[in-house]
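Trainee: Handing you this structure, nothing more for now.
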Amino acid sequence: MLPLRRPLPEGTYRGRDRAQCWWGREKWLLHCSVLYCLHYRRLRDEERTEPVSRETFLMVMAGMSHGADNQTGRDCRVPVGKLHRNGARSGLVNHAGVCRRQVQRARHLARELGVVTDIQQGRRRTLAERLESWKRGDRARGWCTVSVLHESRRFSRLPVDNPNGSHLPNYMDVTPLIRSIGRRENPRKGVVTQGTACRQRQLNTGPGRAQAGPAALRLARGCLNHPKMPPWIRRHGKYAWARVLQPFAAAQWDADDIAEALRDYAIGHYVLSSPHNALGYLRSILNQFDLQDRPAALIRAEAAARDTERRAKQEQLRTEWATRNANAATENSPGRQAARQVIKEIKRRPKRWR
């Protein structure tokens, strides 16, 4: 029995304001790829979208196109969780590199580029719908968003990033995607290709990945996950920050050192709440500190002293417990035998009821 399907209201695809059909799945994916290269950097500078790599964006768009009608691009019902699981299995990105939040960012970017239109928002299922779903063997708890995939109607009106656009070849000359027959899978890595100038401008997918070492990547991940970091730290990904923090990672700095350096700098200086160039701003602050003098060294020393004191107290308690157990009376000592005799006499006494 087929799972329960959420019906669309009558006349959903009618009217002048409704989204048009796509030209085809392959052309739509190439269209999305070109729009990303032309307009992603401007949208990021205007803070209209959150950071998402081109690789992840194309993977999500390919997964969404699998769930749309092949002829029209309509009736796209692909949950975020399914896109996350398919992206982890496809080999395009590792499991730790793609998460549900990145899938949501890619979908938001697609809406900003005007290639996706949501015609019915997702919601939780009602009790009656849940019961009907269970009868059909459907264990889902909600309805996913129904979308339409189409070419951007704002494509001609969006301003072009000229440094990228001047070197970008015609999108019809880009290698087309290989479409699988009979199976719905995400395209393999490297099937969609772009110009060299476009790839070099991507902070998260460009040559910076090869330049950043493991220590710098660990430091960048620690900074992104540190609770005391300012919000503008999360504007860029770990690979962009790894290139900035490379010399500090070589000096064995950690995220606590970066956070303490920002706190020390804020004591006598004014710290911007939203710097225009976050990468250069953080580097200019950190350059005022000595690489060999780690800012959080004193904090770590105090924490180590507290830990040593705690361990000493625990060892003292263990010694006292061992001494107490060694001096305890044996099982057949006179005192224990007398105590057992008293307990037996108490048990023999008759109970007095009130």
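The values are calculated or read from the model by the stated rules, or taken from the named source; none is laboratory data. Just so it is clear, the structure is predicted and the values come from calculations on it, not from any experiment. No Cβ is skipped: glycine too gets one built from the backbone with ideal geometry, and neighbour counts run over all protein chains shown. Please note that ligands, DNA and RNA were not included when accessible areas were found on the heavy atoms of the full protein model with its side chains. Shrake-Rupley method; radii C 1.70, N 1.55, O 1.52, S 1.80 Å.
Trainee: I'm told Asp307 meets every condition in (1) open to solvent by 100 Å² or more (accessible area, probe 1.4 Å); (2) closer than 30 Å to Asp254 by Cα; (3) charged (D, E, K, R) except one. Can you identify the failing condition by its number?
Mentor: The number of the failed condition is (1).
Trainee: With more than 29 Å from Thr49 (Cα to Cα), in contact with a helix residue (DSSP H, G or I) (Cβ under 9 Å, 6 or more places away or on another chain) and of a type outside the set (Lys, Arg) as the only criterion, which of Ile233, Ile267, Ile299, Ile285 stands out?
Mentor: Going through Ile233, Ile267, Ile299, Ile285 in turn, just one is more than 29 Å from Thr49 (Cα to Cα), in contact with a helix residue (DSSP H, G or I) (Cβ under 9 Å, 6 or more places away or on another chain) and of a type outside the set (Lys, Arg): Ile299.
Trainee: Quick one: which helices (runs of 4 or more DSSP H) sit completely within segment 1-116 and have at least 1 residues that are crowded, with 16+ Cβ neighbours inside 10 Å and at pLDDT 85 or above?
Mentor: Passing ranges, in order: 25-45, 54-66, 100-113.
Trainee: Applying the selection to segment 28-37, what residues are aliphatic (A, V, I, L, M) and closer than 13 Å to Leu109 by Cβ?
Mentor: Scanning segment 28-37 gives a single hit, Leu35.
Trainee: Further, regarding this structure: Quick one: Ser273 ticks every box in (1) within 28 Å of the chain's Cα centre (by Cα); (2) open to solvent by less than 90 Å² (accessible area, probe 1.4 Å) bar one, so which box is it?
Mentor: (2)
Trainee: Something else: How do the pairs read when you match residues in segment 287-304 that are over 20 Å from His226 (Cβ atoms) and in contact (Cβ under 8 Å) with a residue 40 or more places away in the chain with residues anywhere that are of a type outside the set (S, T, N, Q) and open to solvent by less than 80 Å² (accessible area, probe 1.4 Å), using Cβ under 9 Å and keeping only pairs 6 or more apart or on different chains?
Mentor: Gln292/Ala251
Trainee: Moving on to the next point. Within segment 234-270, can you find the residues that are over 22 Å from Arg221 (Cβ atoms), among the small types (Gly, Ala, Ser) and open to solvent by less than 60 Å² (accessible area, probe 1.4 Å)?
Mentor: Passing the criteria: only Ala266.
Trainee: Among the residues of segment 302-354, count how many are assigned to a helix (DSSP H, G or I) and touching a helix residue (DSSP H, G or I) at 6+ places or on another chain (Cβ under 7 Å).
Mentor: 0
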